[in-house]
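Heads up, the thing below is written out as structure tokens.
The numbers here are math on the coordinates, done by the rules we state, and not lab data. Values in this document were obtained by computation on a predicted structure and should not be read as measured data. Cβ: placed from backbone, ideal geometry, glycine included. Neighbour counts: every protein chain shown.
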Amino acid sequence: QNRSIHVAGNQDWVRIQLTQRRRILLTTTGVAGGDTVLTLFAADGSTVVASNDDAAPGSGYSKITSKPQNAGTYYARVTAK
């Protein structure tokens, strides 16, 4: 899925439904002069599974690679800083 954030401090949520245990890869791109934070949550929407602010030192983009323990619903949040 492609999403856009245009205002610093704004955030976007995506629901991810896994029917079996799979690897999840989340990245942000096209960050010109901005910064993002990615967070992957469990089905309850509050338990953090993984989080990333800078995929590489000094970069404004974020990347999460995770293999959750169980199939089910997960939520990803991208926040513009």
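Among the residues of the range 54-72, those identified as farther than 28 Å from Gly9 by Cα and of a type in the set (S, T, N, Q) are Gln69, Asn70. Those residues that are among the hydrophobic types (A, V, I, L, M, F, W, C) and in a loop (DSSP other than H, G, I, E, B), I need them from the range 47-81; list them, please. Passing the criteria: Ala55, Ala56, Ala71.
Scanning the range 30-46 for residues that are surrounded by 11 or more Cβ atoms within 10 Å (Cβ to Cβ) and part of a loop (DSSP other than H, G, I, E, B) yields Val31, Gly34, Asp35, Ala42, Ala43, Gly45.
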